[in-house]
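Right, one structure below, let's go through it.
The values are calculated or read from the model by the stated rules, or taken from the named source; none is laboratory data. The shown structure was predicted, so the numbers you read here are calculated from the model rather than taken from an experiment. Counting neighbours? That spans all protein chains shown, and the Cβs are built from the backbone with ideal geometry, glycine included.
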Amino acid sequence: MDLKRISKQARYPDIRLPQRELRIEPTYEEAVQYMAEIVRESSIIAYDIEVLNQELSCIAFAKTPTDIMCIPFQYKGDNYFTPEHESRVIDGVSAILGDEDICKVAQNAIFDSSFLFRKYGIIVRNQEDTMIAHQILAPDLPKGLDFMTSVYTEEPYYKDEGKMWKGITGSDTQFYIYNAKDAAVTLEIWHCLKRDLNTFGNWDTYVRQRSLIAPLAYMSERGIRMDQEGLKSQSTETDKLLIKLEKELQMIAEQHGYPDLNPRSSHQLKEYFYGREFRGIKAYTSRKTGKATTDEKALKRLSRRGCKEASLLLELRHWGTLKGTYFDTTLSEDGRIRCSFNPAGTESGRLSSSKTIFGEGTNLQNQPPEMKPFFLADEGFILYNVDLSQAENRIVAYIAPEPRMIQAFEAEIDIHSMTASMIFGIDYEDVVLWDKEKKMCDTGRGTNTHRFWGKKSNHSFDYGLGYRTFAFITEIEDNEAKFIHDKWHGIYPGIKQYWSWVENQMRENHTMTNLYGRKRRYMGRWGYDLFKEAYSFIPQSSVADKINKDGILFIHDNQFSFPTLELLNQVHDSIIFQIPKSVGMEEHYIELRSIVESLELSMEWRGQEFTIPADVHAGKNLEDMKVLNVKDKGEFTKGLEEVWSQKM
């Protein structure tokens, strides 16, 4: 309940609502005149587009929160303007959006700007984004325009008007009003957000995140070349595997008196596993619903108890997801995979991605290892993946601080092998050797090396993961997980001291600040889950800001130094791009060295500086890549020559 708003409205006998001049359904002349006024008079405006059936339905401009025009392009299923007039109106739109002297404010600007570039070649310059701003200010709250309108303005709720029109229950006029209101409240909200960002000390963080819109829009449009034949072949082979797995499941189910078990029926699976007449296992229940479930967690627990059917179901779901979500992804007509990046997709500043606005592609942030062979360099290009080495672990080590971790990193010792040697009481050299020889550790099913468990521990226990959850994730016994968990915390006592510091900081002001000055105020329910979120904030958000600032933005803002480099993707702590062979190996070396030097700029915490090494991988696809040493030009050139000579 907004008590301040109630107090304000209580001063008057009636409710005082915003009075806006919404110019709807203008003539061609009126539209042109309004846009000309913007170019002549405005230093800041808001804009919003509506898309219907992948075509521009209308665009609204707000010179002020009370002076708005919606310019339609579709009316009652037909064109609003003549072709000649529409072309001139689009030219006017392009002139406004491309004008560096006019600040354009949008909600989810990357959607609007990506669509306008794809359809009309319009490049939007000098823009602000209310969604990014609000996400940085209050990541725990919804970031939709409907929520922000209710918080920052006194405009009555109107968002259902757009839904009604899309459901074909409203009029075109009603939809244009909806579009105009979106632009009006976006501009009004922006002034509030800008004030609050400065007050909270997050303006620089906002600018950094907003600056990603341009390179992300480019990456979305460029896409990545895919091995189409390889994907088709893999999809076919996966079909065969799924049939084989399902037959094996059916055979076992028949032995337990349940022929024709449908692995896609949750009802049948619960009946089979938990029914007395079949398997008769005590039901696992969902924490949310309290009802019996056969979700992934339940199946993993059944699998750990030696239930073969559960293991087969997990495999079926795994390969079914790979096929449906990845191998059968809808590619663009040119055979490339694309996505829509969201610079406000996470609380930590990490990017997220999804299908494009044209229904193509998929989430490129979380591609499984099985997809790597199918991501290809373009003909005549070398594909590069530059990633920050053990970035989060390094930051945790220095901010905790944890002396053993710091010593390992500064001595360039493999921390995963060192951790394993101390957990299992084995010489460091033996852990390294046995990992190379694939000599397996007895922990679990004996299918992983000692170093594997050292790495799993380092990636799991920094942020408060308990041994039972670790056991579930890694599918080992609780006593084995507890042994590893307790040993790890005995080796690295500084981590729990760091947790105590975080908890004290949260008690003081509910706010954490990362190594780049990004602040996050927590609004969630007080308790252990909230603390776990806070433990991870500084490392995860600092890595995100590092890769975005010193990687993506460094390349984008210095294009004169990277004239032929094509940014393709960013995945958490790595950047993927390609450079044409035609520029020569010397140019490849210069550009890679420059990028690595930027990524390895020092970070500082409480007066102590440290760096995160950047590793360079090169190849013709994302799986078969060779590590290159940019610190030694001779070694770099020799390694690149091998990649250079590879055939696709």
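Any chance the stretch 614-633 includes a residue that's of a type outside the set (A, V, I, L, M), assigned to a loop (DSSP other than H, G, I, E, B) and over 17 Å from Tyr384 (Cα atoms)? Walk me through how you get there before you give the answer.
Quick first cut of the stretch 614-633, residues of a type outside the set (A, V, I, L, M) only: 615, 617, 619-621, 623-624, 626, 629, 631-633.
Now narrow it down to the ones that are assigned to a loop (DSSP other than H, G, I, E, B): 620, 623-624, 629, 631-632.
Retained after the next criterion (residues that are over 17 Å from Tyr384 (Cα atoms)): 632.
Yes: one or more hits.
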I'd like the full set of residues that are part of a loop (DSSP other than H, G, I, E, B) and out of contact with any Leu (no Cβ under 7 Å at 6 or more places or on another chain), limited to the stretch 337-350.
Arg338, Ala344, Thr346, Glu347, Ser348, Gly349, Arg350
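Within the group Gly551, Gly584, Gly524, which residue is surrounded by fewer than 16 Cβ atoms within 10 Å (Cβ to Cβ) and in contact (Cβ under 8 Å) with a residue 24 or more places away in the chain?
On the way: Gly551 fails: surrounded by fewer than 16 Cβ atoms within 10 Å (Cβ to Cβ); Gly584 fails: in contact (Cβ under 8 Å) with a residue 24 or more places away in the chain.
It is Gly524.
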If we keep just the residues of the stretch 76-125 that are part of a helix (DSSP H, G or I) and β-branched (Val, Ile, Thr), which is farthest from Arg338 (Cα to Cα)?
Val89
Expected output for the stretch 476-504 (first residue closer than 23 Å to Leu299 by Cβ, partner modelled with pLDDT under 95 and of a type in the set (Val, Ile, Thr), Cβ below 6 Å, 6+ apart or cross-chain) is Glu480/Thr443
For the stretch 584-600, does any single residue satisfy the condition of being in a strand (DSSP E or B) and closer than 16 Å to Val386 by Cβ?
no
Please count how many residues of the stretch 255-295 are under 24 Å from Glu475 (Cα atoms), surrounded by 14 or more Cβ atoms within 10 Å (Cβ to Cβ) and in contact with a helix residue (DSSP H, G or I) (Cβ under 8 Å, 6 or more places away or on another chain).
10
Inside the stretch 417-434, can you point out the residues that are under 32 Å from the mean Cα position of the chain (by Cα) and more than 19 Å from Pro493 (Cβ to Cβ)?
Ser417
With over 33 Å from the mean Cα position of the chain (by Cα), touching a residue at least 40 places away in the same chain (Cβ under 8 Å) and farther than 25 Å from Tyr120 by Cβ as the only criterion, which of Leu269, Leu245 stands out?
Leu269
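Of Leu515, Leu530, which residue is more than 16 Å from Gln135 (Cβ to Cβ) and modelled with pLDDT under 95?
On the way: Leu515 fails: modelled with pLDDT under 95.
Only one candidate qualifies: Leu530.
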Within the stretch 43-55, how many residues are modelled with pLDDT under 95 and either closer than 21 Å to Glu188 by Cα or surrounded by 21 or more Cβ atoms within 10 Å (Cβ to Cβ) (or both)?
1
Filter the stretch 326-345 down to residues that are in contact (Cβ under 8 Å) with a residue 60 or more places away in the chain and closer than 28 Å to Phe537 by Cβ and give me whichever is surrounded by the fewest Cβ atoms within 10 Å (Cβ to Cβ).
Asn342
Selection within the stretch 184-199 - within 15 Å of Ile132 (Cα to Cα) and out of contact with any Phe, Trp or Tyr (no Cβ under 7 Å at 6 or more places or on another chain):
Thr186, Leu187, Trp190, His191, Leu193, Lys194, Arg195, Asp196, Asn198
Does the stretch 615-636 include one or more residues that are out of contact with any Lys or Arg (no Cβ under 7 Å at 6 or more places or on another chain), more than 27 Å from Leu364 (Cβ to Cβ) and buried (at least 20 other Cβ atoms within 10 Å of the Cβ)?
yes
Sole miss for Thr443 among (1) outside the structural domain of Glu477 (by TED's automatic domain parsing); (2) buried (at least 19 other Cβ atoms within 10 Å of the Cβ); (3) at pLDDT below 95 is condition (1)
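Quick check on Ile484: is it part of a helix (DSSP H, G or I), more than 30 Å from the chain's Cα centre (by Cα) and crowded, with 18+ Cβ neighbours inside 10 Å?
On the way: part of a helix (DSSP H, G or I): yes; more than 30 Å from the chain's Cα centre (by Cα): yes; crowded, with 18+ Cβ neighbours inside 10 Å: yes.
It is true that Ile484 is part of a helix (DSSP H, G or I), more than 30 Å from the chain's Cα centre (by Cα) and crowded, with 18+ Cβ neighbours inside 10 Å.
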In the stretch 378-392, the residues that are closer than 26 Å to Val543 by Cα and in a loop (DSSP other than H, G, I, E, B)
Ser389, Gln390
Please work out which one of (1) touching an Asp or Glu at 6+ places or on another chain (Cβ under 7 Å); (2) buried (at least 20 other Cβ atoms within 10 Å of the Cβ); (3) modelled with pLDDT of 95 or more is the condition Ser235 fails and give its number.
(2)
